[in-house]
Amino acid sequence: MSRYVFEGKNFENCVVFSDERYGEIRMLVDDDGTKLYAGVDIAACMGYAAPGKVIMRCGIPGRIRMVPWVFKKKQGATDTRCFEEEEARQFIDRGQSLPEGFREWFCQEVVQQSRNIKVEREVRIEEGKEYEFEKCMEAEPNVIKSRSVQEDVFEKLDSIIMEILTLKKELAGKMNGIT
């Protein structure tokens with residue numbers, strides 16, 4: 001089994017557990033520190049052809065969270081129903097034809113390793129917010145106070161807008177073959 005962490009903005013809270021036999025399960029650390037497992041990943045590992053439908057119809061509420069995804073060179077995040085450990089076990093127990101050894105792999109490897117993951121994300125975010133707030137407070141006294149400086153800025157903006165409109169007319173004329 002291997003494990004990797006998503007890198008990039010806002011993906012610090014997602015770890016992926018993968019196994020050649022079953023597939024990948026994304027695990028999120030929620031803001032309150034709860035470990036959540038992506039339901040569609042569990043269903044896909046269990047062998048369901050339409051994991052999204054199975055999750056919608058399973059009757060386990062879970063939590064909807066933004067879960068990152070990667071496909072070739074693209075990446076993003078999408079709303080996904082995630083289960084806490086007990087809900088995930090309940091979903092797996094309801095499974096009709098589990099792959100051999102899946103339940104043991106999930107309980108003994110995925111859950112055990114996810115328990116060892118510490119939550120350091122909250123501290124980093126809070127420190128970053130404090131720093132940004134202090135930075136904004138320092139910048140506030142430097143707001144333009146002089147009326148003449150503001151008028152100069154507006155005059156420059158007006159001239160830039162007029163130049164853009166002139167260039168737009170010239171470009172439209174060239175595209176229509178008039179000029």
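Quick look at the numbers
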{"read-out": "Single unsatisfied condition, T78 versus (1) assigned to a strand (DSSP E or B); (2) surrounded by 12 or more Cβ atoms within 10 Å (Cβ to Cβ)", "value": "(2)"}
{"read-out": "Search result, residues across region 24-50 that are buried (at least 20 other Cβ atoms within 10 Å of the Cβ) and assigned to a strand (DSSP E or B)", "value": "I25, R26, M27, L28, V29, K35, L36, Y37, A38"}
{"read-out": "Residue ID - surrounded by the fewest Cβ atoms within 10 Å (Cβ to Cβ), chosen from residues in region 51-67 that are over 23 Å from the mean Cα position of the chain (by Cα) and outside any helix (DSSP H, G or I)", "value": "G59"}
{"read-out": "Qualifying residue in region 4-14 (condition: assigned to a strand (DSSP E or B), acidic (D, E), at pLDDT below 90 and surrounded by fewer than 20 Cβ atoms within 10 Å (Cβ to Cβ))", "value": "no"}
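The values are calculated or read from the model by the stated rules, or taken from the named source; none is laboratory data. Predicted, not measured: the structure shown is a model, and the values here were computed from it. Cβ sites come from the backbone with ideal geometry, for glycine too, and all protein chains shown count toward neighbours.
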